[in-house]
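Visitor: I am attaching a structure below and will ask some questions about it afterwards.
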Amino acid sequence: MKRSKLYLSGIRLMSLSAVAFSLMALCVKCVTDTLPSFEIVFFRSFFGMLLVLPWIWRKRTSLWGHERLKLVARGISGCLALLLHFYTISKLELGMAVMLNYTAPIFAVIFAFFFLKEKPGLSVWGLILLSFAGVVLLNFNTSMTWRPAVWLALLSSVFAAIAYVSIRTIKHRESPLTVIFYFTMISTAGSLFFLHGWRRPDLREWVFIAGVVIFSFYGQLWMTTSLRRAPSYLVTPFQYLHPVLSFGYGWLLWGNSVTGTVAAGVLLIVGSGSLISYRTARIKPEKKLPTLPSEASL
């Protein structure tokens, strides 16, 4: 396949991935009206673990890996990020919760600076400040008081960034399938630890749970394939279709308003995140910084 067709295919698959993840978030929002968010994390993680086990067996991949402490640390941080993300989806407007989750690459750059000794340029630090300005605009109101769920959404992004940076320290020795197995296994157990009370899903709720599992699986599959077919700086900006669609769902289904201030905040975060992805992906491999980690990278 010609390079131009591969690149177009990569863009198309990344766009499909964003649509899939937006539908996953929509299913989470709909089902958490009646089911605890931590229970949804359990089902998402448990069935995700069942899906990855046959792949590990087929590829003859090590189940337990070599750097087990790092794999456990990555699994715990990813589990906390997912628990907080699903919880904040249930408490905030859908678009707001998803958009705040997309501040994870900003924290990833900061953590890489301190723990991986990577040195982003002044322009990247400027883009980070613009992204935080976008977060302020996104949550701006006359009283300037932020809801607790907003802080929890940002904390979810912090844990997601920790998970992503930890992956970069082990990716050369461990298979992605092993990393996913640890994450799903730890998230399955962790969600039960935080769950107080169990409610058996009815038929409607099972449909949404199935949507969470299926859309997250295909979102991950299409995103991974996209990154294999085209450079990350070219395709990762299309991941921002996810929060844009989520704002649309919120407006159509729940009447959530999108003010000019909120729109400005979205543009700052999307623009800054895309430019950070572009600039860091063009740096020489030995100095390469983190590109955009999506919810799927948890």
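Visitor: Give the residues of region 185-200 that are in contact with a helix residue (DSSP H, G or I) (Cβ under 8 Å, 6 or more places away or on another chain) and surrounded by 13 or more Cβ atoms within 10 Å (Cβ to Cβ), sorted by residue number.
Guide: Answer for region 185-200, where residues must be in contact with a helix residue (DSSP H, G or I) (Cβ under 8 Å, 6 or more places away or on another chain) and surrounded by 13 or more Cβ atoms within 10 Å (Cβ to Cβ): 185, 186, 187, 188, 190, 191, 192, 194, 195.
Yes/no per residue for (1) hydrophobic (A, V, I, L, M, F, W, C); (2) in contact with a Lys or Arg (Cβ under 8 Å, 6 or more places away or on another chain):
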{"site": "110", "(1), (2)": "yes, no"}
{"site": "113", "(1), (2)": "yes, yes"}
{"site": "119", "(1), (2)": "no, yes"}
{"site": "155", "(1), (2)": "yes, no"}
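Visitor: Give all pairs with beta carbons closer than 7 Å in which a residue from region 14-29 that is closer than 25 Å to residue 231 by Cα meets a residue that is assigned to a helix (DSSP H, G or I) and among the acidic types (Asp, Glu); count only pairs at least 6 apart in sequence or on separate chains.
Guide: Close Cβ pairs satisfying both conditions: 21/295.
Visitor: Evaluate the following for residue 134: is it part of a helix (DSSP H, G or I) and under 17 Å from the mean Cα position of the chain (by Cα)?
Guide: On the way: part of a helix (DSSP H, G or I): yes; under 17 Å from the mean Cα position of the chain (by Cα): no.
Against the criterion (part of a helix (DSSP H, G or I) and under 17 Å from the mean Cα position of the chain (by Cα)), residue 134 does not qualify.
Visitor: Hey, another quick one. Which one of the conditions (1) under 13 Å from residue 89 (Cα atoms); (2) touching a Cys at 6+ places or on another chain (Cβ under 9 Å) does residue 22 fail to meet, given that it meets all the rest?
Guide: (2)
Visitor: What is the one condition in (1) touching a Leu at 6+ places or on another chain (Cβ under 8 Å); (2) surrounded by fewer than 22 Cβ atoms within 10 Å (Cβ to Cβ); (3) of a type outside the set (Asp, Glu); (4) over 26 Å from residue 16 (Cα atoms) that residue 225 does not satisfy?
Guide: Of everything listed in (1) touching a Leu at 6+ places or on another chain (Cβ under 8 Å); (2) surrounded by fewer than 22 Cβ atoms within 10 Å (Cβ to Cβ); (3) of a type outside the set (Asp, Glu); (4) over 26 Å from residue 16 (Cα atoms), residue 225 misses just condition (4).
Visitor: Can you list the helices (runs of 4 or more DSSP H) found entirely within region 185-258 that contain at least 1 residues being modelled with pLDDT of 90 or more?
Guide: Details: elements: 203-229, 232-235, 241-254.
In region 185-258, 203-229, 241-254 are the helices (runs of 4 or more DSSP H) which contain 1 or more residues that are modelled with pLDDT of 90 or more.
Visitor: Being closer than 21 Å to residue 44 by Cβ and surrounded by fewer than 18 Cβ atoms within 10 Å (Cβ to Cβ) narrows it down to one residue among 245, 203; which is it?
Guide: Answer to the selection: 203.
Visitor: Being in a helix (DSSP H, G or I), of a type outside the set (Val, Ile, Thr) and more than 20 Å from residue 18 (Cβ to Cβ) is the requirement here; does residue 182 meet it?
Guide: Details: in a helix (DSSP H, G or I): yes; of a type outside the set (Val, Ile, Thr): yes; more than 20 Å from residue 18 (Cβ to Cβ): yes.
Yes, satisfied.
Visitor: While we're here: Quick one: which helices (runs of 4 or more DSSP H) lie wholly within region 64-128 and hold at least 1 residues that are modelled with pLDDT of 90 or more, of a type outside the set (Gly, Ala, Ser) and within 17 Å of the chain's Cα centre (by Cα)? Spell out the reasoning first.
Guide: Numbers: elements: 68-91, 94-101, 104-115.
Helices (runs of 4 or more DSSP H) meeting the threshold: 68-91, 94-101.
The values are calculated or read from the model by the stated rules, or taken from the named source; none is laboratory data. Note that this is a predicted model, so its numbers are computed, not measured. All Cβ positions, even for glycine, are placed from backbone atoms using ideal geometry, and neighbour counts span all protein chains on display.
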